[in-house]
Amino acid sequence: MAFQAVIFTLGSEEYGFRIDGVQEITRLTEIHPLPNAPAYIKGLINIRGQAIPLINLHTRLGLKHAQEAEYAIIGKLDGGVVAFAVEDVREVKTIEKLSPPPLFGNTAVIEGIVNLTDRMIIQLNPQSILEKEEIEHISELLD
C-alpha cells in the first residue's frame with residue numbers, strides 16, 4: 001500500500017520518515033545545550049514556547065557528519081515530542097513499493113528500502129531510533 005514520506009539527507013544518503021509521524025519541519029536556528037544529556041542529543045529547540053529535544057541522527061545512527069544540520073523534523077514518539085536534526089529536506093514523496101530492510105546492521109531502525117531507477121532511499125522507523133528507556137531519560141532531563 002502506498003504512503004507518503006518526508007525525504008531528507010544525512011551526508012550523501014537519502015532517508016525517509018512516514019509523513020503521518022511528522023508533526024512539522026522547521027529550519028534550525030538557536031540550539032540550547034542540555035547539561036548531562038547523552039551525546040546523541042544536540043540540545044533543545046524552542047517551537048512556539050515548547051522546549052523540544054533535538055536528536056542528532058548522525059550520532060544516533062553512527063554516521064559521519066558531512067555538514068551541519070539545517071532542519072529539524074519534529075514528530076511524536078510514545079507520547080513525547082522530539083526533533084530530528086537533518087541536513088536537508090528534499091521532498092514529500094509517495095512511496096509505492098518498500099523492499100525489506102537488509103539482513104545486517106541495525107535493522108530495527110530501518111523500515112525498508114525504496115529502490116528507484118535513479119536513487120535509493122532508506123526508510124527509517126522513528127519509533128525505533130530511541131529505546132523506551134532513552135525517551136524516559138530525556139523526559140527526566142526536561143523535568
Considering region 93-115, residues that are open to solvent by 80 Å² or more (accessible area, probe 1.4 Å) and of a type in the set (A, V, I, L, M, F, W, C), and then whichever is nearest to residue 11 (Cα to Cα), we arrive at 104
Filtering region 113-136 for residues that are under 23 Å from residue 74 (Cβ atoms) and not acidic (Asp, Glu) leaves a count of 13
Tally, over region 7-21, of residues that are aliphatic (A, V, I, L, M) and either open to solvent by 30 Å² or more (accessible area, probe 1.4 Å) or outside any strand (DSSP E or B) (or both): 1
Name the residue that is farthest from the chain's Cα centre (by Cα), counting only residues in region 119-133 that are open to solvent by 30 Å² or more (accessible area, probe 1.4 Å) and at pLDDT 90 or above. 119
Filtered residues of region 71-90 (kept if under 15 Å from residue 124 (Cβ atoms), open to solvent by less than 30 Å² (accessible area, probe 1.4 Å) and not hydrophobic (A, V, I, L, M, F, W, C)): 75, 87
So, in region 1-20, exactly how many residues are of a type in the set (Gly, Ala, Ser) and modelled with pLDDT of 90 or more? 3
When you check residue 65 against the structure, is it surrounded by 13 or more Cβ atoms within 10 Å (Cβ to Cβ), within 30 Å of residue 32 (Cα to Cα) and either modelled with pLDDT under 90 or basic (Lys, Arg) (or both), yes or no? no
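The values are calculated or read from the model by the stated rules, or taken from the named source; none is laboratory data. Because the structure is a prediction, the values reported are computed rather than measured. Positions of Cβ are backbone-derived with ideal geometry, glycine not excepted, and every protein chain shown enters the neighbour counts. SASA here: full protein model, heavy atoms, side chains in, ligands and nucleic acids out. Shrake-Rupley method; radii C 1.70, N 1.55, O 1.52, S 1.80 Å.
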